[in-house]
Amino acid sequence: MSLRISTSKRVLRRLLGALWLVLASAPLMATQKVLVGEISIRSSEEAVNPQAMRAAIVRATGDRRAADDPIYQPLIADADRYVQIRRPATATSPARITLDSAAIERAIDKLGRPRWVSERPVVLGVILSAPRGADPVRVREALDIAAEQRGLPLRLSSAAAAGLRADSAPSAAVLLEAARRAGADMALIGEADGADWQWTLVDASASTVFPGDVTAGVEGAADVLALASQSVLSQPLAVTRLKIIGLASLKEHLATQRALAALIGVKQVEVIEVGSRAAVFEVHSAGGERVLIDALKGNAKLVREGGSRDPLVYRHLP
C-alpha cells in the first residue's frame, strides 16, 4: 500500500509539473498589438484616404512628424491602393478607414525607415489632480484621441479604481503595482502644475516627466517608447538563459514570465526547466544578455545573484 501511495504522489507531482508547463508556455500578452491602419477620421478638410495614410504612418513609425517627411509622400499619394474598409461617420462616432496595416509596414521597411514594433506596452493612465476648471469629460476625450492617434495602448482609470490616493505622492513601486493590477506594464500619472499639467511616465527602470498641456504625457510617452523600441530592435536577436529562484507559487512563476515578456525587445519566453521553487527560462531578445541585464535592473522583484553566468541567476523577492 505504501509503495502505491508513494508512486501515486510521484505521478501527481509529474502531472502538476506538466500542467504548469502547459500554462506557463501558453502566450502571455504583456503588450497589445496595435493595428496601425485602423484610423478614425474626425476632419474632412482634406481627401480622406491620404489623411488616413498620414495618420497610419505616424502610428507605424512612432514619429509624430513622419507624415511631413518627403520620403513618405509617394505612399500618401498612393493611399487608395491600401484601403480595405470604409465606414461612414454616424451621429455618435467619426468615420473609420481600415488600411492594410501589414502592407504599410512592409512599405516603410522597404524605404529603410525605422518602425515602432506593433506589439506595444500597455500604459495605465491616472489623474491624481487636474488644473482648476478642467472638464473631466473633455480631458478623457482628449487623452483617448491622442492615444489613438499615436498608437499608444492607454487604459484610463480613476485614482480610486487604481488603488491610489490623490492626496499623497505614490512611490514608483506603488505605481507599477497599480499598473500590473490593471493589466498594464507602466503608469502615466497626471497632476496639476498651476494652470498646466505635469505628466510622469513610470516604468521598471525610470521615471520621465512631461510638462505641458493635457496630451503632453501621451505624446511624450509615445516618443520615448517608440525611440526605445527602435534602439533595442536595431540589435541582433540572441537567446539568454535565466534561472529564477525563490518562486513560491504558480502565480509567481506566471508573473515572472509575464514580466520577462514585457521587456522591450523580448520576442519569446520559453520555460525549459521547472523546480519546486525555481524555473529556467530561455529569453529570445534583441541585444541578448547585455540588454536583458540592463532591463532587469529596474525590476524590484528580481535581483541578480552575483557572478552568475549561463544561466544568469536571479532571486525573486516576495
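A short reminder: the numbers here are calculations on the coordinates, not readings from a lab. Owing to the predicted nature of the structure, the values given are computational and were not obtained by experimental measurement. Counting neighbours? That spans all protein chains shown, and the Cβs are built from the backbone with ideal geometry, glycine included.
Quick notes on this structure:
- Under a 5 Å amide H cut-off, with hydrogens placed 1.01 Å from N, Ala159 pairs with Ile127 among residues at least 5 apart or on other chains.
- Cα-derived Rg to Rh of the stretch 44-188, Kirkwood definition: 1.05
- Inter-probe distance in nm under a simple model that places probes 7 Å from Cα toward Cβ, at Ala248 and Ser129: 3.7 nm
- Annotation for Arg304 and Arg277: the two label points, set 7 Å from Cα along the Cα-Cβ direction, are 2.4 nm apart.
- Here the stretch 113-177 is described by how far its Cα atoms reach on the three principal axes: 44, 30, 18 Å, from widest to narrowest.
- Summed over qualifying helices (DSSP H, 4 residues or more, each -39500 (n - 2.57)) and divided by its residue number, the chain shows a 222 nm mean residue ellipticity of -11500 deg cm²/dmol.
- Across q = 0.11, 0.17 Å⁻¹, the stretch 180-318 modelled as identical point scatterers on its alpha-carbon atoms has Debye log10 I(q)/I(0) values of -0.47, -0.94, in the order of the q list.
- In whole percents, the pair-distance distribution calculated for the stretch 101-145 from its alpha-carbon pairs, binned every 5 Å from zero, is 5, 15, 17, 13, 10, 12, 11, 10, 6, 1.
- Rounded to 10°, Cα long-axis angle of helix 172-181 versus longest principal axis of the chain: 90 degrees
- Annotation for the stretch 228-306: GluC sites (Glu not before Pro) lying in DSSP loop with at most 13 further Cβ atoms inside 10 Å of their Cβ are Glu305.
- Computed over the stretch 50-132, the Cα gyration tensor eigenvalues convert (square root of 5λ each) into semi-axes of 26, 20, 13 Å, ordered from largest to smallest.
- Net length available on complete extension from Arg86 to Glu119 is 9.4 nm, with 0.36 nm assigned per residue and the Cα-Cα distance removed.
- For the chain, average projected area of the Cα convex hull in nm²: 21.4 nm²
- Within the chain, percent of DSSP bridges classed antiparallel, to nearest 5: 75 percent
- For the stretch 38-131, the list of GluC sites (Glu not before Pro) that fall in a loop by DSSP and count at most 15 other C-beta atoms within 10 angstrom reads Glu45, Glu46.
- Along its first, second and third principal axes, ordered by size, the stretch 159-199 spans 31, 18, 17 Å in Cα coordinates.
- Scaling the Cα radius of gyration of the stretch 223-300 by the globular reference 2.2 N^0.38 Å produces a ratio of 1.12.
- Debye equation applied to the C-alpha atoms of the stretch 129-233, log10 I(q)/I(0) at 0.16 Å⁻¹: -0.70
- Hypothetical label at Asp68: residues of the stretch 221-245 whose amide nitrogen lies under 17 Å (7 Å Cα-Cβ projection): 223
- Alpha-carbon centroids, the stretch 194-212 and the stretch 75-95: separation in whole Å: 34 Å
- FRET efficiency, 1/(1 + (r/R0)^6) with R0 45 Å, evaluated for Glu141 and His284 via beta carbons: 0.70
- Of all lysines in the structure, those lying under 23 Å Cα to Cα from Lys267, and not within fewer than 8 positions of it along the same chain, are Lys33, Lys110, Lys243, Lys251, Lys297, Lys301.
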